[in-house]
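Just below is one structure, and these are the notes that go with it.
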Amino acid sequence: MKNYFRQVALFCLSILLLMGLSRKSEAQISHFRLSDYKPPAYVHQSLDFGVNLLGSANMATSALADTGQSGSKNSSFSFNFNPVYQRFSNSEKYQGNLTAGLQLSPGFSMQKFKPSNSSESAFQFFSRIQLSTTNRFYIRKGLFIETDPAVTLQSTTYNSNRNLVSGSSNELRNLKERNWAPSFNGSVQLILGKGRIDEVTDAMLSVYMLQDLAQLGCTSKSLSKEDVIALATRITQLKNQRFFDSRLQKIREIESIDSLIQQLGIRSTASAAYFTSLNDDWDYGQSNLRYSGYRFYTGLLPSYMYQAQNTRSSSGDSGSVDSRSRNTTTRFYLGCLAGVDWEKPHSLRWQSSLALEIRYGTGHIESKYEDFNSGASGPSIQSAFTQPGFIASFNYSLGYYPDTRTFLSCGMAGNLNTIINGTEDNQNYAEHTSVSETGLYAGPRFAAYYYLSEKVRLQFNVNIDYFFDDSNSWEYSPLINTSYYHESNTIQGSVTGKLVYSLF
């Protein structure tokens, strides 16, 4: 295994060396520091209403000499109404985003069959209200307070009515079923931290746009740091404007960029190569995101979840009784966290990214199943789980971005999840047992797409993971009532690569 990792590392180092040797000479602005760019204040808002209709109907008949005519009719109709509001904000004192959505989806279906005269109809209605927001308020000297509430409230109703032919007497039975499943999820992160991370992708795009124009001979002066920042600021402002027609949007964006380049005295010619270069960088130069800065933070993580399923069924048979049941689950979690996010653009080409977070908390889950028959309380099954433990996650990557066509990223990712002195309680059988669990996965990550020339392109992805699972828990069945111990070790990986060389 060590030899395998060594071979992978040598392969990636060779690719990095190849990239470094094959790059063209840099223009002066290629030494621009991305961390010098501070995005301007902006607010981007959008409210979209989505309405979808879907319906279908078909009828099929056939006639046989011995059984007569048979056939079926099927029809269905559904409707989806989904307005979504989004808001993104950035200023010296605030960073945040908000997404709020509503979804209403009723649907109806019906089936009929001949000659049995059996039929089935169903009505379903799904509704959901969803709100999530991140609000980071900067106080002074890089200190910030962050609140991240998220709420989801949804409900599903399903009603069916079936008329079925039963037995040789062709007696028609009516079966009705009613299901209602509401749920609620709510959480909030309360965080205190220091530091700030800004997206600097637009500064990288600005440099590459100006570099490409200089190589085409479309610039009339030496390019400066101020030119890069002015163009990057315009790019950020354009990306956060609200447009409704994508074709008109593209025209206005390129016109605005060209206007600024003229104001800065950069443009020498307005040739087809000039405009196609701007268009190419605008379309394909924003796929690799770049960030700059750091954040240290700590905070609290309370959350609550409730979900239920209520079922009721009835039969038209004489002497039959209605059956009714309810299944509910509640979960409460309270935890604390601490972490660091670090984004370091070492240069225009190189970027380091680090995310490290540790959480500790306790989750308590209660499940209850109740079966009601003719209004009297039937069998009930109740269980409770207490799961104290911590979660640690780690992600580091080193990226190489020599131009808008090429990137390479290598790093390591991992996650550790534990339950310490947890308990499982089954109230029906007076069982109280301890639970412990450890789950771990970690491994290297490599990805690249390299544009060697117009004829040669290289692409590869390498992922290797080590999985470890160690658990001690309890399970119940009518025949088995024992504790069990489980441990597993797994190594898995995937490698994909492609080299394209076009001869002619």
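For region 450-501, taking the residues that are basic (Lys, Arg) and part of a strand (DSSP E or B), the one that is modelled with the highest pLDDT is identified as 498.
Taking (1) under 25 Å from residue 177 (Cβ atoms); (2) hydroxyl-bearing (Ser, Thr, Tyr); (3) in a strand (DSSP E or B) in turn, residue 116 satisfies each apart from (3). Against the test of being surrounded by 14 or more Cβ atoms within 10 Å (Cβ to Cβ) and without any contact (Cβ under 8 Å) to a residue 24 or more places away in the chain, the options 238, 300 yield a single qualifying residue, 238.
Restricting the first member to region 120-149 and to residues that are modelled with pLDDT of 95 or more, and the second to residues that are not in a strand (DSSP E or B), the beta-carbon pairs closer than 6 Å and six or more apart or on different chains are 138/93. Only one entry in 287, 271 is at pLDDT 85 or above and farther than 18 Å from residue 230 by Cβ, namely 271. Kindly evaluate residue 210 against the criterion of being over 26 Å from the mean Cα position of the chain (by Cα), modelled with pLDDT under 90 and among the hydrophobic types (A, V, I, L, M, F, W, C). Considered against the rule, which asks whether it is over 26 Å from the mean Cα position of the chain (by Cα), modelled with pLDDT under 90 and among the hydrophobic types (A, V, I, L, M, F, W, C), residue 210 comes out as no. Among the residues of region 323-345, write down those that are hydrophobic (A, V, I, L, M, F, W, C) and either over 30 Å from residue 399 (Cβ atoms) or in contact with a His (Cβ under 9 Å, 6 or more places away or on another chain) (or both). Passing the criteria: 332, 334, 336.
Could we say that residue 114 is of a type outside the set (A, V, I, L, M) and modelled with pLDDT under 85 here?
Numbers: of a type outside the set (A, V, I, L, M): yes; modelled with pLDDT under 85: yes.
Yes.
I'd like to know if region 32-42 contains one or more residues that are of a type in the set (Ser, Thr, Tyr), modelled with pLDDT under 80 and either over 32 Å from the mean Cα position of the chain (by Cα) or in a strand (DSSP E or B) (or both). Can you show your working first?
If we filter region 32-42 for residues that are of a type in the set (Ser, Thr, Tyr), which is where we start, we get 35, 37, 42.
From what's left, modelled with pLDDT under 80: none.
No, region 32-42 contains no residue that is of a type in the set (Ser, Thr, Tyr), modelled with pLDDT under 80 and either over 32 Å from the mean Cα position of the chain (by Cα) or in a strand (DSSP E or B) (or both).
Looking only at region 244-268, which residues are surrounded by fewer than 13 Cβ atoms within 10 Å (Cβ to Cβ) and not in a helix (DSSP H, G or I)? Give the steps one after another, and end with the answer.
If we filter region 244-268 for residues that are surrounded by fewer than 13 Cβ atoms within 10 Å (Cβ to Cβ), which is where we start, we get 244-248, 251, 255, 259, 262-263, 265.
Within region 244-268, 244, 245, 265 qualify.
In this structure, is residue 335 surrounded by 16 or more Cβ atoms within 10 Å (Cβ to Cβ), of a type in the set (Gly, Ala, Ser), touching a Gly at 6+ places or on another chain (Cβ under 8 Å) and within 30 Å of residue 191 (Cα to Cα)? Explain how you work it out, then say what you get.
Details: surrounded by 16 or more Cβ atoms within 10 Å (Cβ to Cβ): yes; of a type in the set (Gly, Ala, Ser): yes; touching a Gly at 6+ places or on another chain (Cβ under 8 Å): yes; within 30 Å of residue 191 (Cα to Cα): yes.
Yes, satisfied.
Taken over region 234-264, residues that are among the β-branched types (Val, Ile, Thr) and touching a Leu at 6+ places or on another chain (Cβ under 9 Å) amount to 4.
Taken together, the residues in region 212-243 that are polar (S, T, N, Q) and part of a loop (DSSP other than H, G, I, E, B) amount to 5.
The values are calculated or read from the model by the stated rules, or taken from the named source; none is laboratory data. Note that this is a predicted model, so its numbers are computed, not measured. Note that we place each Cβ from the backbone using ideal geometry, even for glycine, and neighbour counts take in every protein chain shown.
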